[in-house]
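I have a structure I would like to understand better, so I am pasting it below and will then ask my questions one at a time.
FYI, it's all coordinate maths here, none of it is from the lab. All values reported here derive from a predicted model rather than from experimental measurement. In this analysis, Cβ positions are derived from the backbone assuming ideal geometry, glycine residues included, and neighbour counts consider all displayed protein chains.
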Amino acid sequence: MAGATEVLVTEGQRVASGDVIARGEVTDAHQLLDLAARVGVRADKLEPYLLKREGDLIKKGEAVARKRGLLGTSRSATAPADSRLVLLDGGKALLASVRPVELRAGLPGTVVGPTSGGVVTIETAGAVLSGVWGNGRDDFSVLRMQTAEPGTVLHGGLLEASLRGAVVAGGSVLDAGFFEGLAEIEVSGLILGRISTSLLAAAEKAPFPVLVVEGFGEGGFSLPVFALLNGNAGREVWLNACAWDRNGSDRPEAIIPLPANNAPLLPVGGPLVEGKRVRILRGPEAGRVGHITGLSDRPMLLPSGIRARLAVIALDDVPGQRPTVSAPFANLELLI
Amino acid sequence: MTNQEHRAQTILAIDFGAATTRANLFDVVEGVYRHIATGEAPSTFGAPYRDVLEGLRHALEDIQAVTGRRLYSDQNPIISPVDPDGHGVDLVTATSSGGPALRAVLVGLLPQFSLAAAARATEGAHLQIVETLSLTDGRTPQQQLDAVYRARPELIVFAGGKDDGARESVLRLTETIGLACYRLGGGERQVVYAGNAALKDKVSSLLSTIADVHIAPNVQPTLGAVTTLSAGQELARATIAARAGSIGGLREMAAYSQGRLLPTAQAAGVLLQFMSKGTTPWRRILYADVGSQSTAVIAAIDGKLNLRVDPDLGVGLSAAATLRSEGLEAFARWLPGEPAVDAIRDFVETKSRVAPHTVPVNADDLYAEAALARAALRGSLRRARGITNRHDLIIGGGATLANTPHPGLAALILLDALNPVGATLLMLDRHHLVPTLGATAYFNPLAPVQVLENGGLLTLGTALSLGTTGRATSALAHGKLTDEDGGTVDFEITAGVLKTLPLSAGRSARLTVKPRRDVDAGAGPGRAVNTRVLGGSLGVVLDGRGRPCQPPTDPAERAEALQTWMHALTEG
C-alpha cells in the first residue's frame with residue numbers, strides 16, 4: 001500500500017484468513033492549490049497564515065490558509081475535496097484525495113519475521129498448486145470437486161445451488177455461459193485444468209477468482225494434480241489468481257492449508273537428476289507428468305532437426321502403466 | 001581507457017538475455033584475438049532466484065568445462081583480474097536485455113515536435129511507454145500529475161523546447177514531474193532531461209533531490225532538427241541504473257565492467273556503427289535479433305545508426321503479444337495446411353505463458369517457431385522508420401535463428417521477414433557476438449575486428465533477391481556466376497522459385513544479372529547488376545519469390561510452397 005501504512009499484527013501472531021493485518025490509504029486524485037496567490041501574499045510570507053500542516057486531513061471547504069483583513073474580511077484557500085495535505089512548498093499546497101483500505105491475511109497462518117517496512121510474511125503449512133493463468137482475483141473458501149475424472153468438462157448441467165460460496169474445480173469449461181452461471185450462484189472461485197483461449201475474456205470478467213493450472217487448449221488436469229485436489233476436497237483453499245509475472249515473484253496459485261506436522265520445507269528447483277518428477281511443457285506429450293529415469297550426456301537429434309540433451313521420463317499419469325517418453329531438458333518443468 | 005583495459009588479453013563478454021545468459025570468452029591466440037568458447041544457461045531474472053549471477057555461474061561452468069580455466073570462485077562471481085595461478089580474465093564486459101521492460105513516461109511540450117523526438121529517442125530502449133504528457137493534451141496540471149502517479153513510471157524522459165526557447169512551459173512541466181516523483185516516493189526513479197539546454201541546471205536542481213537526473217543533449221535543439229543518438233546513450237545509462245536497482249546482481253556486473261553495463265541493443269549498435277564506417281566492406285548493414293521477449297532491428301549506414309527495440313515482439317515470453325500486434329494472419333500464413341484459429345491461439349498462449357523457453361520437438365512445431373520469428377521481425381521492421389530493404393549485409397541473431405537445425409532455415413526466415421532486394425550477404429550470429437563485441441569495443445577496439453575477421457560470424461552466403469510484385473510464371477532474370485577459377489554457371493530465376501548455386505565459404509565470384517524490364521535486381525527495374533559476391537554455407541541464394549514474399553493463400557498450395565522453399569535452403 002502506498003502512503004502511510006499501519007501494520008496491525010506482530011511477529012508470532014496467529015491470523016485467520018479474514019483478519020485485517022494492515023490499514024492504509026490510497027490516493028485517487030491530487031489538487032495543487034496556490035495558497036499564496038489565494039490569500040494575497042508572497043510565497044515567502046505565507047507561513048503566518050497557514051492553518052494546516054503536511055500530513056493533516058482536511059475536509060472539503062475547510063481552509064488551508066487564511067489572511068484576515070480589515071473590518072472582519074478575510075481571504076482563504078480552501079480544500080476542494082476531503083483530502084490529505086501531502087506537500088507545502090513555494091507557497092503552494094499539494095492535496096491528495098485519499099480513501100482508506102484494509103489488507104486481509106487471505107489465509108490462516110502465523111506471522112513470521114519482522115513486520116517493519118510495511119511487509120508482513122505469513123507462514124502456513126500446506127499444499128501449493130502453482131498455476132499458469134489467473135484473472136487477478138483472490139478468495140478463500142472450501143474446495144468442491146465438480147469432476148469425477150481429470151478431464152471432465154464443466155457445463156451448465158452441473159450447476160447447483162449447493163456450490164454457493166465454494167471454490168469449484170473441474171477439468172475445463174464448455175462455454176462462456178458457465179462463468180455467468182457460477183456468478184449467479186455466487187461461488188468463491190474456480191480451479192480449471194485447462195482453458196481454451198477463446199474463453200479467456202469471459203474468465204477475466206468473472207467476479208470470482210479463476211485459476212488455470214495446466215495450460216491452454218483441450219484437456220483437463222494431469223493425474224497428479226487431480227489426485228492432489230481430489231484428496232483435499234472439503235478443505236479450505238486460498239485461491240490467489242494473480243497474473244503470472246515471470247520477472248517478479250507473483251505466480252497464480254492455490255494454497256491448501258493443512259494441519260502442521262513440522263515436516264521440513266521441500267526444496268524448490270535444483271538440477272535435473274534421475275528420480276525427479278517433471279511435467280512436459282511442449283510437444284505431443286505436453287502436460288504429462290512422470291519421473292526421470294535417464295539423462296542423455298550429449299545432444300540428441302529431435303524430429304524437428306534440433307539437437308538437444310534429452311531426459312527419459314516414465315509417465316506416471318496412466319494408472320497401472322509406466323510408458324516412457326523422451327523430452328528435451330528445456331521442455332521440462334521440475335515439480336516438487 | 002586505462003592501460004590495463006588496453007593490454008587486456010583475456011576478455012569475458014556476458015549478455016543477460018530474457019531467456020538465456022551467454023558468456024563469450026575471447027583470448028589472444030598466435031597474436032590475434034579469437035573467440036574461444038561460449039557458455040549458456042537459462043537466465044535467472046525471475047523467481048525463485050531474482051539474481052542474474054546464478055544464471056551467470058552456470059554459463060561460466062560451460063566455459064570452464066571446455067577450457068579448464070577457472071572463471072569464478074566461491075568468493076567472486078568472476079575472477080578478474082587474472083590471479084597468480086592464471087585463473088580468471090583480464091577484462092569483463094556486460095550487456096543486458098532481460099527483465100521486464102521499464103515503465104516509462106514521455107514528456108514534451110508539443111506532440112508533433114519534442115514529444116515525437118522523445119519517442120524517437122526511446123525506440124532503441126527496452127521500455128514500455130505507460131503515459132505521455134504534453135502542453136496540449138487537454139489535461140490540467142493536476143490531471144497530468146494524477147496520470148503520472150497512476151502510471152508509476154520507473155523512468156521519465158523529458159524533452160521540451162528548442163535551445164534558448166520556451167522557458168515557463170518547460171518549468172511548468174518540471175513542476176508536474178517533480179510533484180509526481182515526490183508523491184511516488186521511494187526507489188531510484190530515473191529522469192532523463194533532453195530539452196532546452198539553457199534550463200538543464202535549473203531542471204536538474206529542481207528534480208535531483210527526488211529523482212536520479214540524467215542530462216542529455218537536447219533531442220530537438222532547433223525546430224525540425226531531431227538528434228536522438230546522444231540522448232539514447234544517456235537513456236541507456238538511465239535504463240541500466242533503473243534495472244540495477246531492481247534486479248539482483250546487475251550492480252555487481254556494472255562494477256565488474258567498469259560501470260559500462262550496456263543495454264544489449266545499444267552495444268550491438270556500437271559494433272554495427274563501427275563495421276559500417278569503412279572497417280569492413282559493408283556500408284549498409286542490418287542486424288535482426290529476435291528473442292524470447294523482445295525483437296531488435298538495427299540498421300547502420302555509413303556509420304549512421306537507426307536502432308529499434310520492440311519489447312512486445314518475440315517468440316517466447318512475447319509470443320502472445322506478437323500475435324495481438326501483428327494479427328493471426330501474420331503468423332498463420334507461414335504454417336503449412338490450415339490450422340484452426342483456436343489451435344493457433346492455444347499454441348501461442350501456451351508458448352507465451354507456460355513454455356516460453358522451450359525448443360521445437362517436431363516439424364510442425366518448427367514451422368510454428370519460425371512463423372513466430374517471421375511475424376516478430378516483420379512487425380519490428382514495419383514499426384521502424386527509415387529502414388529500407390537495400391542492405392549489403394544482414395546479420396541474424398537471437399536464439400531462434402542461432403539454434404535452427406539448419407542454417408538454411410535461418411536464412412529463409414531472414415529473407416521472408418526482412419524482404420531484402422538486390423545482392424545481400426547473409427550472416428548468422430550463433431554465439432551472440434555482435435552485442436558482446438560491441439560492449440568490448442569500448443575498451444578494446446582491436447578485439448572485435450580480429451574476432452570478426454577470424455570467422456566469428458557464420459557466413460551463410462549471398463542472396464540475390466528480385467523485387468517484383470507480379471505473379472508471372474516466366475523468367476524474371478537471367479544471369480551468370482563466374483568463380484575465381486573462371487568456372488561459370490548460367491542461371492535463370494523464375495517467379496516463385498527459391499534455389500541455390502554452389503559457392504563455398506571463403507570463396508568469391510562475379511555475379512552478373514539481367515532482370516526483366518519490370519524486375520529490380522538491386523539497381524532499379526530492368527537494370528543489370530554486376531557485382532562480386534561471397535559464398536557461404538548455402539552458396540549463392542537466388543530468390544524469385546517477389547517482395548514482399550507472400551506464401552499462397554490456398555492451404556494446399558501454401559503447404560507445398562513452404563516445403564519447397566524449406567528444402568531449397570536446407571537440403572543442399
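How do A:Met145, A:Met300 rank when sorted from fewest to most other Cβ atoms within 10 Å of their own Cβ?
Listed from fewest to most nearby Cβ atoms, that is A:Met300, A:Met145.
Going highest first, how would you order B:204-212, B:411-419 by mean Cβ packing within 10 Å?
Working: B:204-212: 16.1, B:411-419: 25.0.
With the highest mean Cβ count within 10 Å placed first, the list reads B:411-419, B:204-212.
If you don't mind, there's one more thing I want to ask. Can you give the local net charge around A:Val15? Use residues other than it whose beta-carbon is closer than 15 angstrom to its beta-carbon, Lys and Arg +1, Asp and Glu -1.
Numbers: positive: A:Arg14, A:Arg23, A:Arg104; negative: A:Glu11, A:Asp19, A:Glu102, A:Glu123, A:Glu236.
Neighbourhood net charge equals -2.
Does the stretch A:125-257 classify as rounded, prolate or oblate by the C-alpha gyration tensor (a ≥ b ≥ c root eigenvalues; a/c under 1.5 gives rounded; else a/b over b/c gives prolate, otherwise oblate)?
Values: a/c = 1.25, a/b = 1.11, b/c = 1.12.
In terms of gyration-tensor shape, rounded.
Which order do peptides B:88-101, B:137-150 fall in by mean Cβ count within 10 Å, highest first? Mind dumping the intermediate values first?
Working: B:88-101: 25.6, B:137-150: 17.3.
Going by the mean number of other Cβ atoms within 10 Å, highest first, we get B:88-101, B:137-150.
Can I ask one more? When Cβ neighbours within 10 Å are restricted to other protein chains, what is their mean count per residue of peptide B:412-425?
Details: counts 0, 0, 0, 0, 0, 0, 0, 0, 0, 0, 0, 0, 0, 0.
Shielding by partners across B:412-425 averages 0.
Roughly how tilted is helix B:363-383, in degrees to the nearest 10 and between 0 and 90, from the longest Cα axis of chain B?
With both axes taken from Cα atoms, the answer is about 60 degrees.
List the trypsin sites (Lys or Arg not before Pro) within the stretch B:478-572 that fall in a DSSP loop (any state other than H, G, I, E or B) and whose Cβ has at most 16 other Cβ atoms within 10 Å.
Working: sites: B:Lys480, B:Lys499, B:Arg507, B:Arg510, B:Arg516, B:Arg517, B:Arg527, B:Arg532, B:Arg545, B:Arg558; in loops: B:Arg507, B:Arg516, B:Arg517, B:Arg527, B:Arg545.
Those that pass, being in a loop and sparsely packed, are B:Arg507, B:Arg517, B:Arg527.
Counting only helical runs of four or more DSSP H residues, what would the 222 nm mean residue ellipticity of the protein assembly as shown come to if each run contributes -39,500 (n - 2.57) and the total is spread over all its residues? Could the numbers behind the result be given before it?
Working: 22 runs with 224 residues, N = 908.
So the calculated ellipticity at 222 nm is -7500 deg cm²/dmol.
In which sequence would B:Tyr193, B:Tyr367 go, from the one with the fewest C-beta neighbours within 10 Å to the one with the most? Before the final figure, lay out the partial values.
On the way: B:Tyr193 28, B:Tyr367 22.
Taking fewest neighbouring Cβ atoms as first place, the list is B:Tyr367, B:Tyr193.
Could you grab the Rg to Rh ratio for the stretch B:235-355? Cα atoms only, Kirkwood for Rh.
Checking Rg against Rh, the ratio lands at 1.09.
Efficiency by 1/(1 + (r/R0)^6): what FRET value for B:Ser508 and B:His478, r their Cβ-Cβ distance, R0 = 22 Å, to the nearest 0.05?
Working: r = 21 Å, r/R0 = 0.96.
My answer for the efficiency is 0.55.
Taking the Cα-to-Cβ direction at A:Arg23 and at B:Arg70 and moving 7 Å from each Cα, how far apart do the two end points lie in nm?
5.9
Calculate the FRET efficiency for B:Arg382 and B:Arg251 from the Cβ-Cβ distance with a Förster distance of 56 Å, rounded to the nearest 0.05. Before the final figure, lay out the partial values.
Details: r = 37 Å, r/R0 = 0.66.
My answer for the efficiency is 0.95.
Can I ask one more? Suppose a student asked you for the relative contact order of chain B, using Cα pairs under 8 Å spaced at least 6 residues apart; what percent would you report?
Result for chain B is 11 percent.
Once you average over the residues of B:359-370, how many Cβ atoms of partner chains fall within 10 Å of each Cβ? Mind dumping the intermediate values first?
Values: counts 12, 10, 16, 8, 4, 4, 7, 5, 1, 0, 2, 0.
Taking the mean over all residues of the peptide, I get 6.
For the Cα atoms of chain B, what angle does the longest principal axis make with the long axis of helix B:341-353, in degrees from 0 to 90, nearest 10?
So the helix axis and the longest Cα principal axis differ by about 50 degrees.
Antiparallel versus total DSSP beta bridges in chain B: what percent is that, nearest 5? Each step should come with its number before you reach the end.
Numbers: 63 of 104 bridges.
So the antiparallel bridges in chain B amount to around 60 percent.
Taking a ≥ b ≥ c as the square roots of the Cα gyration tensor eigenvalues, with a/c under 1.5 meaning rounded and otherwise prolate when a/b beats b/c, else oblate, which class fits the protein assembly as shown? Working shown, then result.
On the way: a/c = 1.74, a/b = 1.23, b/c = 1.42.
In terms of gyration-tensor shape, oblate.
Follow-up question, since we're still on this one. Using DSSP to call loops (not H, G, I, E or B), can you name the chymotrypsin sites (Phe, Trp or Tyr not before Pro) in the stretch B:31-103 whose Cβ has at most 16 other Cβ atoms within 10 angstrom? Write out the running numbers ahead of the final one.
Details: sites: B:Tyr33, B:Phe45, B:Tyr49, B:Tyr72; in loops: B:Phe45, B:Tyr49, B:Tyr72.
Filter output for the stretch B:31-103: B:Tyr49.
Continuing with this model, one more query. Please figure out what share of the DSSP beta bridges in the protein assembly as shown is antiparallel and state it in percent, rounded to the nearest 5.
Details: 132 of 187 bridges.
Antiparallel bridges: around 70 percent, rounded to the nearest 5.
Moving on to the next point. Between A:Ala183 and A:Val325, how high is the FRET efficiency from 1/(1 + (r/R0)^6) when r is the Cβ-Cβ distance and R₀ = 35 Å? Nearest 0.05.
Working: r = 40 Å, r/R0 = 1.15.
Calculated transfer efficiency: 0.30.
From the Cα gyration tensor of the stretch B:265-570, with a ≥ b ≥ c the square roots of its eigenvalues, which class applies: rounded if a/c is under 1.5, or else prolate if a/b is larger than b/c, or else oblate? Could the numbers behind the result be given before it?
On the way: a/c = 1.74, a/b = 1.10, b/c = 1.59.
Oblate shape, in that a/c is at least 1.5 and b/c is the bigger or equal ratio.
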